[in-house]
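Below: one structure, written as structure tokens.
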Amino acid sequence: MGLSETEALILRTYNHAEADKIVVCFTQTAGLVRGVAKGCRRLKNRFGAALEPFTLLNISYYQKENRDLVSLRNTEILKSHFNLSSDPETLTGLAYMADLIIEFSPPYQPNERLFRMLRACLAAIAESPPALQTILRYFEVWLLKLEGFLPDIRKCAECHQLFNENGTAFIGPDSLIRCRSCCKATGTALSKQVHMQLRATQRLAPYVFAEESRDISAKTLREMAELTHELIGRVLERQPRVRSTFL
Ligand SMILES: [Zn+2]
């Protein structure tokens with residue numbers, strides 16, 4: 001309670017009352033925060049362009065006890081991603097990321113690793129917009145992992161044997177990954193390429209992952225998207241509101 005200062009990424013804004021906006025942002029120290037930016041729709045206001053979606057900011061806000069909405073005080077732009085907003089596909093991709101963060105994050109629960117991952121993915125997209133789809137896959141895998149919904153991709157959920165380069169892994173209707181003998185003919189085989197991609201997300205930064213995925217076939221990328229969307233759909237018990245573009 002009281003005054004807080006943190007780094008934040010703006011996810012979404014809505015008009016509110018006559019001259020205000022409701023701002024939904026993901027912060028480094030407090031997770032998902034919803035706040036009011038008073039007077040920000042007036043011509044002269046202290047927020048300027050700071051509240052554009054996907055801007056990285058330092059913010060300070062005041063939180064009153066028993067109030068869901070905080071009051072935004074000061075903002076300082078660290079990185080505006082304004083250049084990304086001219087491409088509709090990129091905008092849809094970013095809106096999709098914002099939507100998933102909002103869906104998966106309970107308000108005011110700090111998750112610094114998720115913040116850092118989101119910030120790194122955004123920086124990678126800004127650096128290399130054509131890598132959007134690859135970075136979205138990376139984002140989905142890590143979102144699932146950091147929220148505790150990614151099955152163990154290194155070993156069989158049943159017999160705990162490590163998967164090797166040549167062994168086929170199967171993903172079951174319970175979202176767990178098993179070896180051939182444990183899956184007992186249920187589940188869908190993960191292709192070797194998708195399994196390798198999943199493992200690569202775990203050891204690489206998003207921009208390196210995007211670099212190294214440049215020669216991955218469209219078929220593998222599509223398979224990977226189907227898998228992450230399936231896993232996300234199972235957690236949300238529906239498909240995400242914003243659909244990321246399919247390949
Ligand atoms: Zn097994």
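Counting only protein heavy atoms and a 1.4 Å probe, the chain has 52 square angstrom of accessible area per residue. The relative contact order of segment 108-247 comes to 23 percent, based on Cα pairs under 8 Å that sit 6 or more residues apart. Protection proxy ranking, highest mean first, for peptides 127-133, 199-205: 127-133, 199-205, where packing is the per-residue count of other beta-carbon atoms within 10 Å, averaged. 3J(HN,Hα) couplings calculated from phi for segment 206-211 with the Karplus curve 6.51 cos²θ - 1.76 cosθ + 1.60 (θ = phi - 60°) are, in sequence order, x, 6, 6, 4, 4, 4 Hz; Gly and Pro show x. As a calculated quantity, the FRET efficiency between F82 and Q109 at R0 = 30 Å, using C-beta atoms, amounts to about 0.55. Secondary structure note: in the chain, about 90% of the DSSP beta bridges are antiparallel. In the chain, the DSSP-assigned H stretches of four residues or longer account for a calculated mean residue ellipticity at 222 nm of -11500 deg cm²/dmol, using -39500 (n - 2.57) per stretch and the full residue count as denominator. Please identify the DSSP H helices in the chain that span no less than 18 Å along the helix axis (Cα) and have a mean Kyte-Doolittle hydropathy of 0.0 or more. Those that clear 18 Å and a mean of 0.0 are 88-104, 112-127, 132-146, 218-236. Protection proxy ranking of 166-175, 99-108, by the mean of other Cβ atoms within 10 Å over each peptide's residues and highest first, is 99-108, 166-175. Summing Cβ point charges (Lys, Arg +1; Asp, Glu -1) relative to the Cα centre of the chain gives a dipole of roughly 220 debye.
When the chain is treated as a GNM with alpha-carbon contacts under 10 Å, the residue of G35, G233, G93 showing the greatest mean-square fluctuation is G233. Residues L43, L3, ordered by accessible area of protein heavy atoms at a 1.4 angstrom probe radius and largest first, appear as L43, L3.
Pairs from the table (K155/K184; K21/K64; K184/K219) lying more than 20 angstrom apart at Cα are K184/K219. Sorting 22-29, 110-117, 234-241 by their mean Cβ neighbour count within 10 Å, with the most densely packed peptide first, gives 22-29, 110-117, 234-241. Counting only Cβ charges, +1 for Lys and Arg and -1 for Asp and Glu, the dipole size of segment 1-144 around its Cα centre is about 460 debye.
Using a 1.4 angstrom probe on heavy atoms only, work out the carbon and sulfur share of the accessible area of the chain in %. Ligands and nucleic acids excluded, carbon and sulfur give 49 percent. Residues whose amide H comes within less than 5 Å of that of H16, counting only those at least five positions distant or on another chain, are K21, I22 (H built at 1.01 Å from N in the peptide plane).
The values are calculated or read from the model by the stated rules, or taken from the named source; none is laboratory data. Fair warning: this is a prediction, and the values are worked out from it, not measured in the lab. Backbone-built Cβ (ideal geometry, glycine too); neighbour counts: all protein chains shown. These area figures cover heavy atoms from the full protein model, side chains too; ligands, DNA and RNA do not enter into them. Shrake-Rupley method; radii C 1.70, N 1.55, O 1.52, S 1.80 Å.
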